[in-house]
Amino acid sequence: MIRGLHGLLYSSDAAATRTFLRDVLRLPFNDVGDGWLIFDVPEADLGVHPTDENGGPTANTHDISFYCDDIHGTVADLRARGVELRDEPQDHGYGWVTHFTMPGGIEVQLYEPRYEKAAKPAAKKPAAKPAAKKPAAKAAAKKPVKAAAKKPVKAAAKPAKKPARR
């Protein structure tokens, strides 16, 4: 079963592009050695667009976009980190859009979507570690604990019936 998307960026200066993604955009990453950083973006989605009536962009073209929750706040934050944006955010219908170029000549769209994103899956909790066993000698040296007096247990109220689905 497919569970994610791995994209590739081809850069004329891969080291500078990786540094930009790590230090300026502050994307989480895994260092797999020899200067290779694999960036682990927290969410992804994929759109398929047709070529236009003039044949552009050409088939087999790929674009990358980053999306955010607050385009104006994100733009201000990126500018404070030295990113030059190509244009001011504009309303494109599906969301507010702007563009910038990363080192290595990679043009990127940044947008704040107007459409609803899928609900985020619940974070997996790490497995609980089993409690360490105490040596028998130490356990035996402790004073015995008195058993708590048992109280009568009241019957739980019956849950209300859910209405039938139509």
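Observations
- Test: residue in the range 79-97 that is exposed (fewer than 14 other Cβ atoms within 10 Å of the Cβ) and in a helix (DSSP H, G or I): yes
- Residue list for the range 14-41, restricted to those being within 19 Å of Phe100 (Cα to Cα), out of contact with any strand residue (DSSP E or B) (no Cβ under 9 Å at 6 or more places or on another chain) and charged (D, E, K, R): Asp23, Arg26
- Restricting the range 34-61 to residues that are assigned to a loop (DSSP other than H, G, I, E, B) and aliphatic (A, V, I, L, M), the residue that is surrounded by the most Cβ atoms within 10 Å (Cβ to Cβ): Val41
- Residue match in the range 114-134 (condition: surrounded by 10 or more Cβ atoms within 10 Å (Cβ to Cβ), modelled with pLDDT of 55 or more and in a loop (DSSP other than H, G, I, E, B)): yes
- Long-range neighbours under 7 Å by Cβ, at least six apart or interchain, first residue under 15 Å from Trp36 (Cα atoms) and of a type in the set (A, V, I, L, M) within the range 1-12, second modelled with pLDDT of 85 or more and in a loop (DSSP other than H, G, I, E, B): Leu9/Ile64
- Residues that are part of a strand (DSSP E or B) and at negative phi, drawn from the range 15-33: Phe29, Asn30, Asp31, Val32
- Positions within the range 1-52 being over 23 Å from Arg81 (Cβ atoms) and over 18 Å from the mean Cα position of the chain (by Cα), in sequence order: Met1, Tyr10, Val32, Gly33, Asp34, Trp36, Val48, His49, Pro50, Thr51, Asp52
The values are calculated or read from the model by the stated rules, or taken from the named source; none is laboratory data. Just so we're clear, the structure is a prediction, and the values are computed from it rather than from any experiment. A quick note on method: Cβ atoms are made from the backbone with ideal geometry, for glycine too, and the neighbour counts reach across all protein chains shown.
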